[in-house]
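Novice: One structure, pasted below without further comment.
Nothing in this text is a laboratory measurement; each read-out follows from the coordinates by a stated rule. Nothing here was measured: the structure is a model prediction, and the numbers come from that model. Cβ atoms come from the backbone with ideal geometry, glycine included; neighbour counts cover every protein chain shown.
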Amino acid sequence: MRTFKLDEYRIDDEPYYQPTGDEIELFEAAYRNQLPVLLKGPTGCGKTRFMEYMAWRLKRPLITVSCHDDLTASDLVGRYLIKGGETSWIDGPLTQAVKAGGICYLDEIVEARKDTMVVIHPLADDRRVLPIEKLGTLIEADPEFAIAISYNPGYQSVLKDLKQSTRQRFIALEFDYPDATLETEIVVRESGLERELAGRLVKFAGMTRNLKGSGLEEGASTRLLVHAAKLMAAGVNPVSACQGAIAQALTDDPEMLASVNELSSSLF
Ligand code: ADP
């Protein structure tokens with residue numbers, strides 16, 4: 001297991017984050033009141049960037065854990081390691097954040113094993129404690145500690161649903177793709193692409209988002225637009241950039257690919 005030096009997780013330079021509503025004020029108010037936060041929204045719409053920005057703003061180290069279906073409570077809390085015949089305890093990322101007053105961001109929380117919720121719950125209510133079962137201890141969270149989790153409600157699967165007992169502990173912030181003007185601004189800032197072309201990419205994204213549910217599981221995210229824009233800014237032909245960075249990322253279905261490529265050819 002990797003050990004963390006929390007200072008390495010401090011964000012020194014202001015990350016570029018374009019607000020889309022009152023999410024900064026809400027997060028700050030939640031943080032000041034020691035309330036945990038749930039970021040809801042599709043992939044690639046700025047949740048991680050927002051957390052980086054907030055951690056910078058609040059001057060706290062940010063520890064991000066991308067949850068996956070093998071992630072257990074021990075991965076978060078810590079475990080015993082045997083080194084040279086000696087056993088020593090290593091704190092996991094959550095424990096380190098709890099002790100040192102960091103912000104722990106659990107990305108795509110529903111992907112993690114169910115036992116992870118057991119360790120999060122007592123941290124996410126007014127007890128603010130972390131039980132470490134293997135050590136038989138209970139750690140009180142540093143007053144500056146905060147927990148945030150993200151969740152994509154779009155997947156709509158019973159298995160990937162967040163339980164009421166979890167969601168009712170969190171202040172929810174809803175994220176979505178920004179409106180066209182803001183999204184164009186983000187694409188320009190992130191890629192250096194000229195505004196007119198960025199605007200057309202955003203229009204293209206809107207078309208793919210309309211196909212959600214009729215052949216596509218998700219439309220093009222802001223992240224994919226930034227990828228395509230970077231290729232275009234590097235001189236790649238726009239249709240090939242959209243094909244490689246967006247269409248292929250959205251689907252493997254040959255008919256859908258052809259339709260999405262047709263949409264980009266109509267714009268560029
Ligand atoms: P998520 O965590 O929601 O999957 P990210 O935060 O990683 O998405 O966003 C993907 C990319 O999109 C970022 O790296 C950034 O380039 C861009 N982006 C999306 N929304 C914003 C925003 N509001 N401000 C700045 N950049 C953004």
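Novice: Would you mind working out the magnitude of the charge dipole of the chain relative to its Cα centre, with +1 at each Lys and Arg C-beta and -1 at each Asp and Glu C-beta, to the nearest 20 Debye? Walk me through the numbers on the way to the answer.
Specialist: Values: 30 positive and 40 negative charges, 85 e Å.
The calculation lands at about 400 debye.
Novice: Once amide H atoms are placed 1.01 Å from N in the peptide plane, what residues at a sequence separation of 5 or more from Gly78, or on another chain, have their amide H within under 5 Å of its amide H?
Specialist: Those qualifying (amide H under 5 Å, at least 5 residues apart or on another chain) are Gly92.
Novice: Related question: Across the range 243-250, in residue order, what do the Karplus-derived ³J(HN,Hα) couplings come to in whole Hz, using 6.51 cos²θ - 1.76 cosθ + 1.60 with θ = phi - 60° and x for Gly and Pro?
Specialist: 5, x, 8, 10, 4, 5, 6, 8
Novice: A further question follows. Starting from the amide H of Phe175, placed 1.01 Å from N in the peptide plane, find each other amide H under 5 Å away whose residue is 5 or more places distant or on another chain.
Specialist: Placed amide hydrogens put Lys40, Gly41 under 5 Å from Phe175.
Novice: With contacts defined as alpha carbon pairs under 8 Å and 6 or more residues apart, what's the relative contact order of the chain in percent? Before the final figure, lay out each step's value.
Specialist: Details: 442 pairs, mean separation 52.4, N = 268.
With pairs under 8 Å counted, the relative contact order is 20 percent.
Novice: Along the charge dipole of the chain, Cβ charges K/R +1 and D/E -1, which of Phe27, Cys242, Cys104 sits furthest on the positive end?
Specialist: The residue sitting farthest along the positive end of the dipole is Cys104.
Novice: May I pose another question? Counting DSSP beta bridges with both partners in the chain, what percentage is antiparallel, nearest 5? Don't skip to the answer; put the middle values down first.
Specialist: On the way: 10 of 28 bridges.
Here the antiparallel bridges make up roughly 35 percent for the chain.
Novice: Which is the longest stretch in the chain that no exposed loop site breaks, taking sites as GluC sites (Glu not before Pro) with a DSSP loop state and at most 13 other Cβ atoms within 10 Å? Please report the intermediate quantities before stating the final value.
Specialist: Working: sites that count: Glu194, Glu217.
Counting at most 13 other Cβ atoms within 10 Å as exposed, the longest clean stretch of the chain is 1-193.
Novice: About the Cα centre of the range 180-266, what is the dipole size in debye to 20, counting +1 per Lys and Arg Cβ and -1 per Asp and Glu Cβ, all else neutral? Can you show the working numbers first?
Specialist: Values: 8 positive and 11 negative charges, 57 e Å.
Result for the range 180-266 is approximately 280 debye, rounded to the nearest 20.
Novice: Can you give the relative contact order of the range 33-184 as a percent, counting alpha carbon pairs under 8 Å and 6+ residues apart? Intermediate values should be presented prior to the final figure.
Specialist: Values: 271 pairs, mean separation 54.7, N = 152.
Dividing the mean separation by the residue count of the range 33-184 yields 36 percent.
Novice: Same structure, new question: At 20 °C and 1.002 mPa s, grab the translational diffusion coefficient of the range 66-105 from Stokes-Einstein with a Kirkwood Rh over Cα pairs, rounded to a whole number in µm² per second. Numbers along the way, then the final one.
Specialist: Working: Rh = 11.2 Å.
Estimated diffusion coefficient is 192 µm²/s.
Novice: In whole Å, what are the Cα extents of the range 69-145 along the three principal axes, biggest one first?
Specialist: 39, 29, 20
Novice: Please report, in Å, the Rg and the Dmax of the chain, where both are computed over Cα atoms only.
Specialist: Cα radius of gyration and Dmax of the chain are 20.7, 66 Å respectively.
Novice: Okay, moving on. What is the distance in Å between the Cα centroid of the range 209-268 and that of the range 59-88?
Specialist: So the separation of the two Cα centres works out to 37 Å.
Novice: Further question: Between Arg32 and Glu133, take the C-beta separation as r, use R0 = 25 Å, and let me know the FRET efficiency to the nearest 0.05. Numbers along the way, then the final one.
Specialist: Numbers: r = 31 Å, r/R0 = 1.24.
About 0.20, to the nearest 0.05.
Novice: Using only C-alpha positions, report the orientation-averaged shadow area of the convex hull of the range 180-266, nm², one decimal. Before the final figure, lay out the partial values.
Specialist: Numbers: hull surface 19.1 nm².
It is 4.8 nm².
Novice: May I pose another question? For Val65, enumerate residues with amide H under 5 Å from its amide H, sequence gap 5+ or separate chain, H modeled in the peptide plane.
Specialist: For Val65, whose amide H was placed from the backbone, the distant partners under 5 Å are Tyr105, Leu106, Asp107.
Novice: Within the chain, which is the longest segment that contains none of the trypsin sites (Lys or Arg not before Pro) sitting in a DSSP loop with at most 11 other Cβ atoms within 10 Å?
Specialist: Values: sites that count: Arg2, Lys5, Lys59, Lys114, Lys163.
Within the chain, the longest run free of exposed trypsin sites (Lys or Arg not before Pro) spans 164-268.
Novice: With only Lys, Arg, Asp and Glu charged, each at its Cβ (+1 for the first two, -1 for the last two), find how big the charge dipole of the range 70-161 is about the Cα centre; round to the nearest 20 debye.
Specialist: Details: 9 positive and 15 negative charges, 42 e Å.
Its charge dipole is roughly 200 debye.
Novice: How big is the antiparallel share of DSSP beta bridges in the range 1-139, given as a percent to the nearest 5?
Specialist: If I count the DSSP bridges inside the range 1-139, around 65 percent turn out antiparallel.
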